[in-house]
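What follows is calculated from the coordinates using simple rules that are stated; it is not laboratory data. Because the structure is predicted, anything quoted here is derived from the model rather than measured. Backbone-built Cβ (ideal geometry, glycine too); neighbour counts: all protein chains shown.
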Amino acid sequence: MNNGVLIQSKNTMVKVMCGANVQDVNAGMTVGQIKDEFGEVLNLDDQAKTILNGQEVDDDYTVQENDSLEFVKPAGDKGTK
């Protein structure tokens with residue numbers, strides 16, 4: 001019995017960003033699954049680096065609740081030939 005106390009579930013969402021695009025996704029997905037499912041919505045670049053909580057991770061990493069995942073597009077090489 002919880003004596004009338006409201007028990008709220010934990011935040012199981014992960015914030016995913018790519019440039020100005022932001023999407024909340026369920027924790028428990030791998031980075032690869034997120035790329036497959038949300039790549040078009042986020043306008044992901046094939047060469048984007050995957051940064052999780054400030055550290056680069058691989059596609060097989062499983063995101064956890066409250067993680068922050070960012071896909072960073074490579075900078076252009078202006079003026080090079």
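Some notes on this structure:
- Within the range 42-68, residues that are basic (Lys, Arg) reach partners that are surrounded by 12 or more Cβ atoms within 10 Å (Cβ to Cβ) with beta carbons closer than 8 Å, at six or more positions or on different chains, in the pairs Lys49/Phe71; Lys49/Val72.
- Counting only strands (runs of 3 or more DSSP E) that sit completely within the range 8-62, those holding 3 or more residues that are surrounded by 15 or more Cβ atoms within 10 Å (Cβ to Cβ) and not hydroxyl-bearing (Ser, Thr, Tyr) correspond to 13-18.
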